[in-house]
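A short worksheet on the structure shown next.
The values are calculated or read from the model by the stated rules, or taken from the named source; none is laboratory data. A quick note: this is a predicted structure, and the numbers were derived from the prediction, not measured. With ideal geometry, Cβ positions are generated from the backbone for all residues, glycine too; neighbour counts draw on all protein chains shown. Heads up: the accessible areas ignore ligands, DNA and RNA and are worked out on the full protein's heavy atoms, side chains in. Shrake-Rupley method; radii C 1.70, N 1.55, O 1.52, S 1.80 Å.
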Amino acid sequence: MSLIEEIDYGTPKSPSEKMITLTIDGNEVTVPEGTSIMRASMEAGIKVPKLCATDMVDAFGSCRLCLIEIEGRNGTPASCTTPAMEGLVVHTQTQRLKNIRKGVMELYISDHPLDCLTCAANGDCELQDMAGAVGLRDVRYGYEGDNHVFAKAHDVANDRWMPKDDSNPYFTYDPAKCIVCSRCVRACEEVQGTFALTIEGRGFSSRVSPGMHENFIDSECVSCGACVQACPTATLTEKSVIEIGQPEHSKVTTCAYCGVGCSFKAEMRGEELVRMVPWKDGKANRGHSCVKGRFAYGYSTHKDRILNPMIREKISDPWREVSWEEAYKHVANEFRRIQYQYGRNSIGGITSSRCTNEETYLVQKLVRAGFGNNNVDTCARVCHSPTGYGLKQTFGTSAGTQDFDSVEHTDVVMIIGANPTDGHPVFASRLKKRLRKGAKLIVVDPRRIDLVRSPHVEAAQHLPLRPGTNVAVVTSMAHVIVTEGLFNEKFIRERCDWDEFQDWAAFVSSPEHSPEAIHQLSGVDPQALREAARLFATGGNGAIYYGLGVTEHSQGSTTVMAIANLAMVTGNIGRKGVGVNPLRGQNNVQGSCDMGSFPHELPGYRHISDESTRDIFDKLWGVKLQDEPGLRIPNMLDAAVDGTFKGIYIQGEDILQSDPDTKHVAAGLAAMECVVVHDLFLNETANYAHVFLPGSTFLEKEGTFTNAERRINRVRKVMSPLNGYADWEVTQNLARAMGLDWNYGHPSEIMDEVALTTPSFAGVSFDLLDREGSVQWPCNEKAPLGTPIMHIDSFARGKGKFIRTEYVATDERTGPRFPLLLTTGRILSQYNVGAQTRRTHNVVWHEEDRLEIHAHDAEQRGIRDGDWVKITSRAGETTLRALITDRVSPGVVYTTFHHPTTQANVITTDFSDWATNCPEYKVTAVQVGASNGPSEWQIEYDEQARQSRRIAPVLDAAE
Amino acid sequence: MDSESHKSTATKLVYMANQIATFFHTQPKDEAVAGVADHINHFWEPRMREQFFAILEQGGDGFDPLVIEAAKHIRKPGLVSGAS
């Protein structure tokens, strides 16, 4: 094991296909036109000394270290800013260059502390390396002169000196060590796109400044870590490196937060994680990260982690720690007892979208082969199940059509019901990069999300629709495109069913779908809607990105179909830069669906009623699978309340906090006789559990995650599971206790079984992934290295299917009692139910959920910013503090759901998508009023949670 | 035990079936009946369909006429093996 060293080529890769050849230090080098001489040199293995250049950002030419000489040209140009040209003869090391470089380094070092031995960057400092590279032996100027290094000179305060800023919880800024190379400033601009950093002052007074000479924590900084990664010295340093020291080995692995699926190097010292550094070859993130993946891993060793299995008879009892053997035996006995007593279909399982593909596959296998039923579901039920359904109906595949690189070729981006800068930050950075280069943006969202207007990004159109009217608005866009003759007839004739198109075109053309006609219900300005539709149809490559603001509605599946229609009618399918791109919520929600987690589908989206598919598994598993669909999560809870569903195995999901209508979820769980929770922490669901099996983190196991672009990425074990076992081992042991003869020795064997049984995964193996880094399914004989873009020549289902999408108002309506519409979402620093991020320093940015309310609505109710307010819906009530903002329109309020004390889902109702039962989180009619503090339910709940988390003290064994 | 927000399973099933019907009402006529039936056959677990037929036998109060029309194409669940 060793540290993975990535080559820094100094400047970004040139996209040109034209190759040119030049000579550098006597070596002929052939590179794409537009490549810098610095990069060309590095490709030939020649390291030109450099400080201000790094290949994540554009060349800047400020450090004067990378100078070269070119035959026939005057002077000593900087190799980073000088493009390579055909026939150039370049010298990187001459006496003249040596003298200049040494002189430059001498100046740098004369204003830099010489505390190398105790410096956190010792061993990882480019300034140190360059001093060595140029042969610096002496600093003639001394260190007494004007400087930024010492707080005092001769007992007089040094005005140029600035103290260290350690306000950010994860990294420090030590201005004394800064060489003003601007790499951090450029990383913030070019890679992250936040523009939080700048250089203040001029000449010798130049300093890096977050915001307007603020602390990092008070500035616009989003703590993505790009500046820290770019810094060549110890000026910006991870606090973990300061505390632990330099890492000695690393492994490439995949982030366990959102559906972007960033690749990271987990840099280690022994089994201690020193830091997570984004991997440049990661095809989803291309070397970038966000505050969660980069820094928020502290939960993995948090003291709240439960490390021993526990059981209890009743949920009012304290927990009792037991051996793994006893826990498995108890679960097996209970499940078998329940099945004997209440029938084979009285138990089920929930797979985790946070766990690996291999673990998910095993849980659904345990349910189907071990429990003998199909009562298995996953958290996609509550997020992207309409995506699966809608895209399967229209295109034939339950997944997005593109890779993330595709955005680099997009001309018009339409974002609907998604807030990428918070929910999918690394994709947002890649998107903003493209927008700064001129791509146009359409935002369809009730809230003015950051992308509507942020530094150097402004949406051409923002359609602030009323929550619940997506179908009306998207169908109306199609109306404009069809009636104004902007559709792509050639594409439609070639790729879609022409008769279906004509039927659909007649449908959308009807006047009731015109922007003017839907204005009353959607609140969207008809002219803006027309402009948006025209732009999307005529602006070049058009790509649609969407999130849970689309799916989590009564008409979630219909909106997905409407989006697919829009992509087809404009011919935006089947090449780079276009497509329909669901932004998946959790790290492996795509994978958990792929692995057969839905009750009606076997791995690879094959319906359970299909005999030939069942036959494959029947033979391999030696069972007879049921041919009927099983219960979905909400149906399981209904059946539990009805008394026909009595036991459940929940791996890594917290349905009590994440699912709608908390009281109903609680009633369902309370009605069960054996609830088994397999998780890192005693989560909210565990309050109703009888057995707790400790889980392991993504750092503690081998496996794969599949991200929103269908990319199968490797997860690699860098430390031993604190609880003793990876989750797949726990599921396997449980299966064995239930009499199944499972003998997987390694997760790769589980993936081999997936490949053997599932055509779209036929070519996937850990060997292939280790060789290629990652692949996107389908990966099989036809596409041995995977499929970055789908539906290129024809749709997976043959002809693309246009489906009529009629707007139907949700039954969740505002009225005199509940006049406001509540919609919910995420914030950058927190993730989902917050079980992980709340146990990290990320709480600095978001320690509580707030209710965003427009000043107009707040004033009517006498609510001031920061006041406690009560929010009431037909389902329940809760309290939280108000945040007055104009990001939401009058009539709309918004909150996040990251904190269990807020209990946002006490308010959400049981309305759900007509096709998939995906809950309607995004529309709840509510009333808001002043409040003195927590609601009765919150107090009761807190008390119940506290009681149910008691663990009986372990008595010292006498023997 | 129906309250404003906590409905009985039967109430929910009627509501869900009608939601499906609402979608297929907007589809071409010849696809609507089969659409509703297929959807329920594909996604409803047997005990849900059992309850569905029980409600239907009691007169099918509250069902959209399209659901009732589709019912003859909805598969009656067979006896599930195991106890109960």
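For A:Arg838, the conditions (1) assigned to a loop (DSSP other than H, G, I, E, B); (2) open to solvent by 10 Å² or more (accessible area, probe 1.4 Å) are fulfilled apart from (1).
Is the range A:397-412 home to any residue that is at pLDDT below 95 and among the hydrophobic types (A, V, I, L, M, F, W, C)? The answer is yes, given that some residue of the range A:397-412 is at pLDDT below 95 and among the hydrophobic types (A, V, I, L, M, F, W, C). One residue stands out among those in the range A:768-810 that are aliphatic (A, V, I, L, M) and out of contact with any strand residue (DSSP E or B) (no Cβ under 9 Å at 6 or more places or on another chain): the one that is farthest from A:Arg575 (Cα to Cα), which is A:Ala809.
Yes or no, residue by residue, for (1) at pLDDT 95 or above; (2) under 28 Å from A:Arg286 (Cα atoms); (3) touching a helix residue (DSSP H, G or I) at 6+ places or on another chain (Cβ under 7 Å); (4) open to solvent by 60 Å² or more (accessible area, probe 1.4 Å):
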residue	(1), (2), (3), (4)
A:Thr23	yes, no, no, no
A:Val31	yes, yes, yes, no
A:Ala40	yes, yes, no, no
A:Ala59	yes, yes, no, no
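From the list A:Arg864, A:Arg887, A:Arg874, the one residue that fits, being of a type in the set (D, E, K, R), under 25 Å from A:Asp654 (Cβ atoms) and out of contact with any Leu (no Cβ under 6 Å at 6 or more places or on another chain), is A:Arg874. Does A:Ala380 fit the bill of being hydrophobic (A, V, I, L, M, F, W, C), open to solvent by 10 Å² or more (accessible area, probe 1.4 Å) and out of contact with any strand residue (DSSP E or B) (no Cβ under 8 Å at 6 or more places or on another chain)? Taking the combined requirement at face value, the residue does not satisfy it.
Scanning the range A:362-386 for residues that are part of a loop (DSSP other than H, G, I, E, B) and over 19 Å from A:Arg614 (Cβ atoms) yields a total of 2.
Taking strands (runs of 3 or more DSSP E) as the structural unit, those lying wholly within the range A:130-214 and holding at least 2 residues that are surrounded by 22 or more Cβ atoms within 10 Å (Cβ to Cβ) correspond to A:171-173, A:207-210.
Kindly establish whether A:Tyr941 is assigned to a helix (DSSP H, G or I), more than 14 Å from chain B (Cβ to nearest Cβ), open to solvent by less than 50 Å² (accessible area, probe 1.4 Å) and closer than 30 Å to A:Tyr688 by Cβ. So A:Tyr941 passes the test.
Across the range A:904-922, the qualifying residues are those that are out of contact with any helix residue (DSSP H, G or I) (no Cβ under 6 Å at 6 or more places or on another chain) and polar (S, T, N, Q), and the one among them that is farthest from the other protein chains (Cβ to nearest Cβ) is A:Thr908. When A:Ala399 is tested against (1) part of a helix (DSSP H, G or I); (2) open to solvent by less than 10 Å² (accessible area, probe 1.4 Å), exactly one condition is not met: (1). Only a single item in (1) in contact (Cβ under 8 Å) with a residue 12 or more places away in the chain; (2) open to solvent by 60 Å² or more (accessible area, probe 1.4 Å); (3) away from every other protein chain (no Cβ under 14 Å); (4) farther than 27 Å from A:Val252 by Cβ is not met by A:Lys782, and it is number (1). Each residue in the range A:241-262 was checked for being under 23 Å from the mean Cα position of the chain (by Cα), of a type in the set (S, T, N, Q) and open to solvent by 20 Å² or more (accessible area, probe 1.4 Å), and 0 pass.
Looking at the range A:636-664, which of its residues are outside any loop (DSSP other than H, G, I, E, B), open to solvent by less than 10 Å² (accessible area, probe 1.4 Å), out of contact with any Phe, Trp or Tyr (no Cβ under 9 Å at 6 or more places or on another chain) and modelled with pLDDT under 95? The one that is outside any loop (DSSP other than H, G, I, E, B), open to solvent by less than 10 Å² (accessible area, probe 1.4 Å), out of contact with any Phe, Trp or Tyr (no Cβ under 9 Å at 6 or more places or on another chain) and modelled with pLDDT under 95: A:Ile655. Here the condition is being surrounded by 24 or more Cβ atoms within 10 Å (Cβ to Cβ), touching a residue at least 12 places away in the same chain (Cβ under 8 Å), in contact with a strand residue (DSSP E or B) (Cβ under 8 Å, 6 or more places away or on another chain) and within 14 Å of chain B (Cβ to nearest Cβ); of A:Val367, A:Val413, A:Val363, it holds for A:Val367 alone. If the condition is being open to solvent by 10 Å² or more (accessible area, probe 1.4 Å) and either part of a loop (DSSP other than H, G, I, E, B) or aromatic (Phe, Trp, Tyr) (or both), then the range A:263-296 contributes A:Gly270, A:Glu271, A:Trp279, A:Lys280, A:Asp281, A:Lys283, A:Arg286, A:Cys290, A:Phe295. Within the range A:326-353, being open to solvent by 10 Å² or more (accessible area, probe 1.4 Å) and in contact with a helix residue (DSSP H, G or I) (Cβ under 8 Å, 6 or more places away or on another chain) holds for A:Lys329, A:Gln339, A:Arg344, A:Asn345. Scanning the range A:883-897 for residues that are touching a residue at least 40 places away in the same chain (Cβ under 8 Å) and of a type outside the set (Phe, Trp, Tyr) yields A:Asp886, A:Arg887, A:Val888, A:Ser889, A:Gly891, A:Val892, A:Val893, A:Thr895, A:Thr896.
Remark: A:Val926 matches the filter, which requires a residue to be within 14 Å of chain B (Cβ to nearest Cβ), assigned to a strand (DSSP E or B), open to solvent by less than 10 Å² (accessible area, probe 1.4 Å) and in contact (Cβ under 8 Å) with a residue 24 or more places away in the chain.
The lone criterion from (1) among the polar types (S, T, N, Q); (2) more than 30 Å from A:Leu740 (Cα to Cα); (3) buried (at least 17 other Cβ atoms within 10 Å of the Cβ) left unmet by A:Thr301 is number (3).
Counting just the residues of the range A:785-825 that are among the β-branched types (Val, Ile, Thr) and within 14 Å of another protein chain (Cβ to nearest Cβ), which one comes out most open to solvent (accessible area, probe 1.4 Å)? Per the stated criteria, the residue is A:Val808.
You will find that of A:Ala875, A:Ala915, the residue that is in contact (Cβ under 8 Å) with a residue 12 or more places away in the chain, farther than 30 Å from B:Gly35 by Cα and buried (at least 23 other Cβ atoms within 10 Å of the Cβ) is A:Ala875 and no other.
Just one of (1) touching a residue at least 12 places away in the same chain (Cβ under 8 Å); (2) outside any strand (DSSP E or B); (3) within 14 Å of chain B (Cβ to nearest Cβ) fails for A:Arg337. It is (1). From the list A:Asn158, A:Asn168, the lone residue that is modelled with pLDDT under 95, assigned by the TED database to the domain that holds A:Met212, out of contact with any Asp or Glu (no Cβ under 6 Å at 6 or more places or on another chain) and of a type in the set (S, T, N, Q) is A:Asn158.
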